[in-house]
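Data first, discussion second: the structure below is written as structure tokens.
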Amino acid sequence: MTDRKTVTLNMGPHHPATHGVLRVVLELDGETIVNATPVIGYLHRGIEKICENRTYQQILPLTDRLDYAAASANNMGYCLAVEKLMGIEAPKRAQYLRVIMAEFARIMGHHLWLGTHALDIGAMTVIFYAFRDREMVMAMNEEIAGYRLTPSFIRIGGVAYDATDDFILKVRKFVEWFPKALEGYHQLLTENKIWTTRTMNIGAISAEEAINYGMTGPSLRGAGVAYDVRKVFPYSSYDDFDFKIPVGENGDVYDRYLVRMEEFKQSINIIAQAIENLPSGPVMTDNPWLANPSLSEVQNDLSALIRRFMINAKGVPVPEGELYSAVEGAKGELGFYLVGDGSEHPYRLKIRAPTFYLASALPRLLVGHMVADAIAIIGSLDFVLGEIDR
Amino acid sequence: MQIDKAVSALSEKCPDSILKRADRHGTPEITVAGESFYKVMETLRGLGFDMLTDVVGMDLMPRTPRFNLLYLLMSMEDFSRLAVRLQADEGQEVPSVSGIWHSANWGEREVFDLLGISFSGHPDLRRILTWENFEGHPLRKDFPLEGKDFDKPFDPDTISDYF
């Protein structure tokens, strides 16, 4: 027997198909991957440490920068954790607006995934359609929050502003139009022979193994486990809406693709129900520590002015206690383990990033496949490095 | 329901292992004695907690033992959560559970990197978010937030396995 020599190939961190700064050290035998070591941390900003020295409201924009492709879902997870610890609940109208924003975030995240994933594998057309529609969602984000990518719209105790008539009109139009666009994506890819050859039976993982690796979200559902935080632990009125949890069978790249494509449909379904049944009422809790006094109040009432200063300069004291609160982000279970010590800063905030554990399963998924399939597998797991590295 | 069953099965298999039980805003939690920790985790895996959602470490500095470690478990059968708390002191080695759940591999590496808690029996205990020759552990409460040597530049020459 001859000694077979392996070649070490360094993929990333500056590689367009790694969607950020993921680096995977591949050991190759010919074109087959025999060993893979993911290296992360190139985008580590120490968000958990920064959080320990900021007030609860100042942390909110930082959570936008975790999974920046689906920012509102992160806002929602963080706000729900703080609200749970404070023992308050957002008004019903705010909860519905939150759901709309979180589902927009999911659609935006999936658009980014669809466009880049198809581009990586060689289907160039898809990204133009995906980004055209993503632009429409971002325009709606801009309409209601003033920001496109990182809205920071969901605040502790409610949401920042009420929905404008223009926003509701735009959402209705989008809900009506989007299923047609989705049909277009399906026509481009779902039965495309090149696409199915590149994705079927690639990076397959069984349900038990996926669970053992801590995989959540579409990647776990692609393996056939119907675990969705929105259904299992409903939050923010998700139990008011009627939606399905799509699951795959084989847990390969193609099944993860189908699950996400179906999630587009379910998300738009949820948004349609939320916008039609939008309850009336306030969008911010009446807790005086959280609701900013209005401008006219501040100009005419000294105590309101002082309160405004206290809220924004000193921060909100949150009671002592610990809790784990999770939401379904675009990539999976996004958890916040929050430890409060009675002050205005969290004692510890641990962010459970879904893609962190997806990335840890990379060696298992890559070994045995070709180098070109590595691109398909990495694309199908939908990494966002802002979340992995925090 | 399942939690009570799990806890009673646990106290049968590993007596005196559960020091305290608590409920943290809906998530049941057990505090486990250090010496029986690995056996408890193995038993819980056998009882159906097949996903290790996350490993959380926290520094409670003036206290001895200094650190709290939290393992968030979940059963995919009926979607019940259970948190297992373990106290660890500085320099104390905690048995790694990466042989039971693969997700512990990176979860424990992160705790090792940011808090400096060492895990015995871990297959690949290296820094994960900071670089290899980084000094200190950022999430410890005595880590300086600013200062002269606080932000040393990254030097690839001192890293042994820089491909």
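The table below lists the values:
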item	result
Answer residue from segment A:204-235, given it is more than 22 Å from B:SER98 (Cβ to Cβ) and of a type in the set (Val, Ile, Thr) and is surrounded by the most Cβ atoms within 10 Å (Cβ to Cβ) among those	A:VAL229
Test: residue in segment B:53-64 that is modelled with pLDDT under 90, closer than 17 Å to A:ILE211 by Cα and not hydrophobic (A, V, I, L, M, F, W, C)	no
Breaking point among (1) over 18 Å from A:VAL126 (Cβ atoms); (2) away from chain B (no Cβ under 12 Å); (3) part of a loop (DSSP other than H, G, I, E, B); (4) not β-branched (Val, Ile, Thr), for A:GLU191	(1)
In segment B:98-109, residue nearest to B:VAL7 (Cα to Cα) [restricted to those that are touching a residue at least 12 places away in the same chain (Cβ under 8 Å) and facing another protein chain (nearest Cβ under 8 Å)]	B:TRP101
When residues of segment B:5-45 are limited to those that are within 14 Å of chain A (Cβ to nearest Cβ) and small (Gly, Ala, Ser), the one farthest from the chain's Cα centre (by Cα)	B:GLY26
Search result, residues across segment A:21-37 that are away from chain B (no Cβ under 14 Å) and surrounded by fewer than 22 Cβ atoms within 10 Å (Cβ to Cβ)	A:ASP29, A:GLY30, A:GLU31, A:THR32, A:VAL34
Tally of residues being over 14 Å from A:VAL99 (Cβ atoms) and either among the charged types (D, E, K, R) or part of a loop (DSSP other than H, G, I, E, B) (or both) across segment A:229-255	11
Every residue from segment A:60-92 that is over 29 Å from A:PHE264 (Cβ atoms), among the hydrophobic types (A, V, I, L, M, F, W, C) and surrounded by fewer than 24 Cβ atoms within 10 Å (Cβ to Cβ)	A:LEU85, A:MET86, A:ILE88
Filter result (over 17 Å from A:GLU262 (Cβ atoms) and in a helix (DSSP H, G or I)) within segment A:109-122	A:LEU112, A:GLY115, A:THR116, A:LEU119, A:ASP120, A:ILE121
Among the candidates B:MET61, B:MET41, residue that is outside any strand (DSSP E or B) and either surrounded by fewer than 16 Cβ atoms within 10 Å (Cβ to Cβ) or of a type in the set (Lys, Arg) (or both)	B:MET61
Failed criterion for A:SER236 (all others in (1) within 14 Å of chain B (Cβ to nearest Cβ); (2) among the polar types (S, T, N, Q); (3) touching a residue at least 12 places away in the same chain (Cβ under 8 Å) hold)	(1)
Pairs with Cβ under 9 Å, 6+ apart, first in segment A:38-67 and closer than 15 Å to B:LEU139 by Cβ and more than 9 Å from every other protein chain (Cβ to nearest Cβ), second surrounded by fewer than 21 Cβ atoms within 10 Å (Cβ to Cβ) and of a type in the set (Lys, Arg)	A:ARG45/A:ARG65; A:ILE47/A:ARG65
Cross-chain or 6+ apart pairs with Cβ under 8 Å, segment A:68-87 first and of a type in the set (Val, Ile, Thr), then part of a helix (DSSP H, G or I)	A:VAL82/A:TYR56
Helices (runs of 4 or more DSSP H) contained entirely in segment A:1-89, each with at least 1 residues that are in contact with a strand residue (DSSP E or B) (Cβ under 9 Å, 6 or more places away or on another chain) and farther than 17 Å from A:TYR337 by Cβ	A:56-64, A:71-86
Residue match in segment A:252-268 (condition: within 14 Å of chain B (Cβ to nearest Cβ) and not aliphatic (A, V, I, L, M))	no
Residue within segment A:339-355 that is in contact (Cβ under 8 Å) with a residue 12 or more places away in the chain, farther than 23 Å from A:HIS44 by Cβ and either away from every other protein chain (no Cβ under 14 Å) or of a type in the set (A, V, I, L, M, F, W, C) (or both) present	yes
Among the candidates B:PHE112, B:PHE49, residue that is more than 10 Å from every other protein chain (Cβ to nearest Cβ), crowded, with 19+ Cβ neighbours inside 10 Å, in a loop (DSSP other than H, G, I, E, B) and not aliphatic (A, V, I, L, M)	B:PHE49
Qualifying residue in segment A:321-328 (condition: within 17 Å of A:GLU387 (Cβ to Cβ) and not small (Gly, Ala, Ser))	yes
Close pairs (7 angstrom Cβ cut-off, 6 or more residues apart or separate chains): more than 21 Å from B:GLY116 (Cα to Cα) in segment B:41-56, buried (at least 18 other Cβ atoms within 10 Å of the Cβ) and polar (S, T, N, Q) anywhere	B:GLY48/B:SER75; B:PHE49/B:SER75; B:ASP50/A:ASN212; B:ASP50/B:SER75
Residue match in segment A:335-345 (condition: among the acidic types (Asp, Glu) and in contact with a Gly (Cβ under 6 Å, 6 or more places away or on another chain))	yes
Residue match in segment A:129-148 (condition: basic (Lys, Arg) and over 18 Å from the mean Cα position of the chain (by Cα))	yes
Among (1) closer than 20 Å to A:ALA105 by Cβ; (2) hydrophobic (A, V, I, L, M, F, W, C); (3) away from chain B (no Cβ under 14 Å), the one test that A:LEU220 misses	(3)
Residue in segment A:361-378 that is more than 30 Å from A:ILE211 (Cβ to Cβ), modelled with pLDDT of 85 or more and within 14 Å of chain B (Cβ to nearest Cβ) present	no
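Residue-by-condition table, conditions (1) in contact (Cβ under 8 Å) with a residue 12 or more places away in the chain; (2) facing another protein chain (nearest Cβ under 10 Å); (3) under 21 Å from A:GLY321 (Cα atoms):
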| site | (1), (2), (3) |
| --- | --- |
| B:THR64 | yes, no, yes |
| B:ASN68 | yes, yes, yes |
| B:ASP78 | yes, yes, no |
| B:ARG81 | yes, yes, yes |
| B:GLN87 | yes, no, yes |
| B:SER96 | yes, no, no |
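The values are calculated or read from the model by the stated rules, or taken from the named source; none is laboratory data. Model, not experiment: these values are computed from the prediction. With ideal geometry, Cβ positions are generated from the backbone for all residues, glycine too; neighbour counts draw on all protein chains shown.
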